[in-house]
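One structure is given here, and the rest of the page talks about it.
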Amino acid sequence: MVVRYIRRHRLEKKNPNAAMSDPIKPIEYWVDPGAPEDIRKALVEGASWWSQAFEAAGFTNAFKVAVLPDGADPMDIRYNMINWVHRSTRGWSTGGTVSDPRTGEIIKATVTLGSLRDRQDYLIFEGLLSPYITGNEKPDILYQTALARIRQLAAHEVGHTLGLGHNYYDSTQGWISVMDYPHPQEELKADGTIDLSHAYPARIGEWDKVAINYGYRQLPHGDEPAALGRILDDAWAKDLRYLTNQDLNAHPKVDQWSNGVNQADELNRIMKIRRAALNRIGEHTIRTGAPMATIEEPLVPIFMYHRYTVEAAASMVGGIDYIYGMRGDGRTATKWETAVNQRKALDALAATLKPSELTIPKQVLDAIPPRPPGFGRHRELFPRTTGDGFDPLSPAIVATDTTIGFTLELDRAARMVAQHAVDPTLPGLEEVIDRLARAVFDAPAATPYELEVRRAEERVFVDRVMWLATGASNGQVRAIASLKLAKLAARLKSETPAAEAELAQHTLLAADIKRFLERPADPARPMLAPDAPPGAPIGDSGMDWLAPAPGCTWTMAHPDWW
């Protein structure tokens, strides 16, 4: 009734019976000659990595990349293009194809990459290293690491146009696919400095070779189903699996912009990297002659450096460890993430809520004045309630809401209820809310600044649980969240802190909870924290789509973001 075709370029061996053979016609890609010279070279190098996969699939000289020759039209359907777009604003990186719907044959591939990616990566590396001692240096490590990322991005987007989707699976082998969204592999050295010399692998991954082997290998007629099955079985034995965008929320081993195998361990590691970078941020993060206010630009991605690993660790809580099971494969299709790993993730998430982790270093607070003319506020900066002055509390509010918001997502909360009902040894929603409440309300605070951060966290927690109590479609989720709010209000009323600021906070929170429980549909509650400055996506809310040629289909792989 339904036939599904792999989308792939036409590739045939000159000698079909040879284990290795040149193709009748190679797959050729052409790089935009308008790209700057070093970028152009990086695009050719990164895209050329795919020749490794075609060699593994039995082809020699099957994949070629060169700069588009003079006089050629990049819109000509005969040219598979890698385009470079100069941008001063956020924009998409994409890999799209025009293909024949009758066969799945890819007729033309178009990759589009933007220069802002280079600038944003460079900014992050400046924030990680704070490398400007005199302020006039041009550190080569920043430039080379940004180029390494461009090589990988070129390979990633070309991979889409070869027919591959994203693969975010956390294999026990470590990094397995250039089709992942890569976080830099930074290393914290003993002296507290950060090493970026091995930030990005200069190759495609082992899964990428499996995917090309499956899609492009020329197999003997009559043996194709069995041979294709063997390719996937061999990959399975090496823990090379395919899980993609649709699996990000629920699967504990599927995440983007995060490294590692166990995301609780990775979150603990990344918090150390973040702290080491934050401790160095200040005037050495920007060049001589730059306004001191622009320290905030690199501060934002470093303060929020853990945002994607928080999301990944949260996916372990109420996580479903599943595969795309097929009848007869003899494999376990689905199981809950273990109780040990879920509680380990909860502890790692709770550790991100320590007030000491959410304060801005003093050398930064002392260095950022209101922004000068020509350097106005923009969406890449933290929100603020303090007018022109830098707000020392809003970064803590944003980071707290990131952790609590991901952990208490509506679907995840319902899975906590479900998993605890099926297996009472797994954490239920009650346990998770209590663990977050302890991390917020019982956290030690060593300074008045940390005390105020803790009070800001308390507000975020209450508002998020209110949101859970009114926004969930699962009735038990709403019931549990409402009960936890009532118990928290009773606790706050029973406590009489000596400090007026603390008493004021407790009084208002208890009153707000009371009003909410009496009128949960009141549109004025809850008031969620402001959004974080954008990390992903880089792009506007809409985009123009190219129209396919008559009789053809246009396929856009999921657009890629910083």
Report those helices (runs of 4 or more DSSP H) wholly inside region 187-289 carrying at least 3 residues which are touching a Lys or Arg at 6+ places or on another chain (Cβ under 9 Å) and closer than 27 Å to Phe406 by Cα. 263-280
Only residues that are in contact with a helix residue (DSSP H, G or I) (Cβ under 7 Å, 6 or more places away or on another chain) and hydrophobic (A, V, I, L, M, F, W, C): list them for region 172-195, please. Ile176, Val178, Met179, Leu188, Ile194
Checked against (1) of a type outside the set (A, V, I, L, M, F, W, C); (2) at positive phi; (3) in contact with a helix residue (DSSP H, G or I) (Cβ under 7 Å, 6 or more places away or on another chain), Gly71 satisfies every condition except (3)
How many residues, within region 50-89, are closer than 19 Å to Arg151 by Cβ, part of a strand (DSSP E or B) and among the hydrophobic types (A, V, I, L, M, F, W, C)? 8
Can you name every residue in region 301-327 that is in a helix (DSSP H, G or I), touching a helix residue (DSSP H, G or I) at 6+ places or on another chain (Cβ under 8 Å) and not charged (D, E, K, R)? Pro301, Ile302, Phe303, Thr309, Val310, Ala312, Ala313, Ala314
Count, please, the residues in region 1-48 that happen to be among the β-branched types (Val, Ile, Thr) and either open to solvent by less than 60 Å² (accessible area, probe 1.4 Å) or touching a Pro at 6+ places or on another chain (Cβ under 6 Å) (or both). 4
Taking the conditions exactly as written (closer than 21 Å to Leu219 by Cα, buried (at least 17 other Cβ atoms within 10 Å of the Cβ) and either without any contact (Cβ under 8 Å) to a residue 60 or more places away in the chain or not β-branched (Val, Ile, Thr) (or both)), does Ser51 satisfy them or not? yes
Looking at region 365-389, which of its residues are open to solvent by 50 Å² or more (accessible area, probe 1.4 Å), touching a residue at least 12 places away in the same chain (Cβ under 8 Å) and farther than 25 Å from Arg90 by Cα? Leu365, Pro369
So which of Leu188, Leu219, Leu162, Leu228 is touching a residue at least 60 places away in the same chain (Cβ under 8 Å) and open to solvent by less than 50 Å² (accessible area, probe 1.4 Å)? Leu162
Which of the residues belonging to region 269-299 are open to solvent by 10 Å² or more (accessible area, probe 1.4 Å) and either aliphatic (A, V, I, L, M) or under 16 Å from the mean Cα position of the chain (by Cα) (or both)? Met271, Ala276, Ile286, Ala290, Met292
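The values are calculated or read from the model by the stated rules, or taken from the named source; none is laboratory data. All figures in this text were calculated on a predicted structure; none of them were measured in a lab. Glycine also receives a Cβ, built like all others from the backbone with ideal geometry; neighbour counts cover every protein chain displayed. These accessible areas exclude ligands, DNA and RNA; they are computed on the full protein's heavy atoms, side chains included. Shrake-Rupley method; radii C 1.70, N 1.55, O 1.52, S 1.80 Å.
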